[in-house]
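The values are calculated or read from the model by the stated rules, or taken from the named source; none is laboratory data. Since the model is a prediction, treat every value here as computed from it, not as a measurement. FYI the Cβ positions are ideal-geometry reconstructions off the backbone, even for glycines, and counts take in every protein chain you see. Just so you know, the surface numbers come from the protein's heavy atoms only, side chains and all, with ligands and any DNA or RNA stripped out. Shrake-Rupley method; radii C 1.70, N 1.55, O 1.52, S 1.80 Å.
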Amino acid sequence: ISMTKVLYSGKWMEMRAREVEGHDDYEFTSRVGGRKAVYMIPTDMDDNLIMILNFRHSVDCKVLEFPAGLVDEGETPYETADRELLEETGYEASVTKMYPLGMSNSGGSDEEVWAARMAGCEKVSAQKLDDGEQIQVLIVAQDRLEATIDHYKRIGFKISSRVIAYMIGKGE
């Protein structure tokens, strides 16, 4: 593995460069401390998707996405999924399936992320958002996912590629 150098380090992200033989340095982002993440695909008792509209400063608008969060030190991805689902949505459930660790965006980042299915989610509390988080919970019927995506795109929101991949997987 070739060495990397840190070009910039912030609170959450770093800009790094990897020397590529015969080419200029290849720049990419990296999570500070190499932290991994988990995103959840939660459904309620009626098999509706529990989704969020999350204001993302990187794109300066709201994004339709699945709940997600960073794995804290000493935490398993299962514990992260439980904690983040409750914090971001107020819903609770257990992970029914944890998918293998995968790349978030290998063309521009070395971030790795797990995907967790959570079924039978129940509303148990209000959201417990971190400072600066602006998250609205959406309950979306499975057969309305494509229409929901179209609606939010039409009014200027962005759509997470994870949501698009889920829609493709469902055969829509």
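Would you pick out the residues in the range 30-46 that are within 14 Å of the chain's Cα centre (by Cα) and among the β-branched types (Val, Ile, Thr)? Reasoning before the result, please.
First, pick out the residues of the range 30-46 that are within 14 Å of the chain's Cα centre (by Cα): 31, 35-42.
VAL38, ILE41, listed by residue number.
Please tell me if ALA165 is under 26 Å from THR29 (Cβ atoms) and touching a helix residue (DSSP H, G or I) at 6+ places or on another chain (Cβ under 6 Å).
Working: under 26 Å from THR29 (Cβ atoms): yes; touching a helix residue (DSSP H, G or I) at 6+ places or on another chain (Cβ under 6 Å): no.
Here the answer is no, as ALA165 does not meet what is asked.
Show the residue pairs meeting these rules: Cβ distance below 6 Å; 6+ apart or different chains; first residue within the range 1-12 and under 14 Å from GLU27 (Cβ atoms); second residue outside any strand (DSSP E or B).
Between residues of the range 1-12 that are under 14 Å from GLU27 (Cβ atoms) and residues that are outside any strand (DSSP E or B), the close pairs are SER2/GLU19.
Collect the residues in the range 130-162 that are modelled with pLDDT under 95 and either in contact with a helix residue (DSSP H, G or I) (Cβ under 7 Å, 6 or more places away or on another chain) or of a type in the set (D, E, K, R) (or both), keeping them in residue-number order.
ASP130, ASP131, GLU133
Given (1) of a type in the set (Asp, Glu); (2) outside any loop (DSSP other than H, G, I, E, B); (3) open to solvent by 40 Å² or more (accessible area, probe 1.4 Å), identify the lone condition not met by ASP46.
Unmet condition: (2).
Just one of SER58, SER30, SER104 is open to solvent by 70 Å² or more (accessible area, probe 1.4 Å) and on the phi < 0 side of the Ramachandran plot; which is it? Even if it seems obvious, please write down each step before you answer.
On the way: SER30 fails: open to solvent by 70 Å² or more (accessible area, probe 1.4 Å); SER104 fails: open to solvent by 70 Å² or more (accessible area, probe 1.4 Å).
Answer to the selection: SER58.
I need the full set of residues from the range 142-172 which are aliphatic (A, V, I, L, M) and open to solvent by less than 30 Å² (accessible area, probe 1.4 Å), in order please. Break it down stepwise before answering.
Let us first name the residues in the range 142-172 that are aliphatic (A, V, I, L, M), namely 145, 147, 149, 155, 159, 163-165, 167-168.
Within the range 142-172, LEU145, ILE149, VAL163, MET167 meet the criteria.
Does at least one position in the range 77-86 carry a residue that is within 21 Å of PHE157 (Cα to Cα) and buried (at least 17 other Cβ atoms within 10 Å of the Cβ)?
no
Here is a list: VAL20, VAL71. Which entry is closer than 20 Å to SER109 by Cα and at pLDDT below 95? Spell out the reasoning first.
Details: VAL71 fails: at pLDDT below 95.
None of the others qualify; the one that does is VAL20.
Pairs only if they're at least six apart or on different chains, beta carbon under 9 angstrom, first in the range 48-77 and without any contact (Cβ under 8 Å) to a residue 24 or more places away in the chain, second outside any loop (DSSP other than H, G, I, E, B); list them, first residue then second.
ASP72/GLU79; ASP72/THR80; ASP72/ARG83; GLU73/GLY33; GLU75/ARG83
Taking the conditions exactly as written (among the charged types (D, E, K, R) and either farther than 28 Å from ASP143 by Cβ or surrounded by fewer than 18 Cβ atoms within 10 Å (Cβ to Cβ) (or both)), does GLU73 satisfy them or not?
Working: among the charged types (D, E, K, R): yes; either farther than 28 Å from ASP143 by Cβ or surrounded by fewer than 18 Cβ atoms within 10 Å (Cβ to Cβ) (or both): yes.
Yes, satisfied.
Please work out which one of (1) open to solvent by 40 Å² or more (accessible area, probe 1.4 Å); (2) not in a strand (DSSP E or B) is the condition ARG16 fails and give its number.
Tallying (1) open to solvent by 40 Å² or more (accessible area, probe 1.4 Å); (2) not in a strand (DSSP E or B), ARG16 fails exactly one: (2).
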